[in-house]
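Here is the structure we will look at, set down as structure tokens.
The values are calculated or read from the model by the stated rules, or taken from the named source; none is laboratory data. Computed from a predicted model, the values in this text were never measured in an experiment. With ideal geometry, Cβ positions are generated from the backbone for all residues, glycine too; neighbour counts draw on all protein chains shown. Heads up: the accessible areas ignore ligands, DNA and RNA and are worked out on the full protein's heavy atoms, side chains in. Shrake-Rupley method; radii C 1.70, N 1.55, O 1.52, S 1.80 Å.
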Amino acid sequence: ALVVIGLFTLVLVTGSVRSDTHYTGLLWSMGYDRDNDIMTVTPSSLILFHRATLTAYSLATGETQWSVPSTTIMPQVPSVAAGVVVAPDKFERYFQRPDLLLSRTTRTVARDARTGAVLWRAAGSPQDVTDRSVLLLDDETTLHVVGLRDGNTRWTRPMPGLASVVVLGDSVITATADGTVTVMSYEDGSVTRTEKLPWPGNARLSVAGGRL
């Protein structure tokens, strides 16, 4: 089904007693397929994945800032940090039936958010994106941290049997299928703690309220 993305002009009127916000008109609109399209909004742009194309539109005017070919399926929502768009560049299907398709990213691309120019490509799927770096999981067995703008590898660590990975503060925390939980420094990949826990086969790590 198609819906419409609409951006509206709001005017804030302030007075001595109260403040009122008034709608003054539609800035621009465009088609959006909620079943297949994916969008990311930044302070100045709307980045839309639509029909194997990734396009950045100006929030102020709706004008196209850049548009590039993309994957036919977008397994993850693109992330934007420090002027860089991090998005899937290749994918694989790992489960499919008539009513359900599951896919995962196998290669990641970083683009300049202003121009769409490619900054780097690297194997793996993004697990975390910061203003300085990107945490990638390659082939479900190896973690890499690369620079956000240059793509240079900061550290790599094989993780055989990996079942789950999360980021908590300045730590990367992993769990393997046998219940081995490992805490690593996000900065250099050094192990700061390892512990064995009971681990049901389908369990996943999660973070809430700053706690694991």
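The table below lists the values:
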{"quantity": "Number of positions in region 193-209 that are open to solvent by less than 90 Å² (accessible area, probe 1.4 Å) and under 29 Å from Thr153 (Cβ atoms)", "calculated": "5"}
{"quantity": "Failed item, numbered, when Tyr94 is tested on (1) in contact with a Gly (Cβ under 8 Å, 6 or more places away or on another chain); (2) open to solvent by 70 Å² or more (accessible area, probe 1.4 Å); (3) more than 20 Å from Thr153 (Cα to Cα)", "calculated": "(1)"}
{"quantity": "Qualifying residue in region 181-192 (condition: over 21 Å from Asp112 (Cβ atoms), assigned to a loop (DSSP other than H, G, I, E, B) and open to solvent by 80 Å² or more (accessible area, probe 1.4 Å))", "calculated": "yes"}
{"quantity": "Sole residue being closer than 27 Å to Phe91 by Cβ, open to solvent by 80 Å² or more (accessible area, probe 1.4 Å) and without any contact (Cβ under 8 Å) to a residue 40 or more places away in the chain, chosen from Thr142, Thr153", "calculated": "Thr153"}
{"quantity": "Residues (open to solvent by 20 Å² or more (accessible area, probe 1.4 Å) and over 17 Å from the mean Cα position of the chain (by Cα)) located in region 156-175", "calculated": "Thr156, Arg157, Pro158, Pro160, Gly161, Leu162, Ala163, Gly169, Asp170, Ser171"}
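Yes or no, residue by residue, for (1) open to solvent by less than 80 Å² (accessible area, probe 1.4 Å); (2) among the hydroxyl-bearing types (Ser, Thr, Tyr):
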position	(1), (2)
Gly31	yes, no
Asp37	yes, no
Val41	no, no
Ser45	yes, yes
Ser58	yes, yes
Thr64	no, yes
Ser67	yes, yes
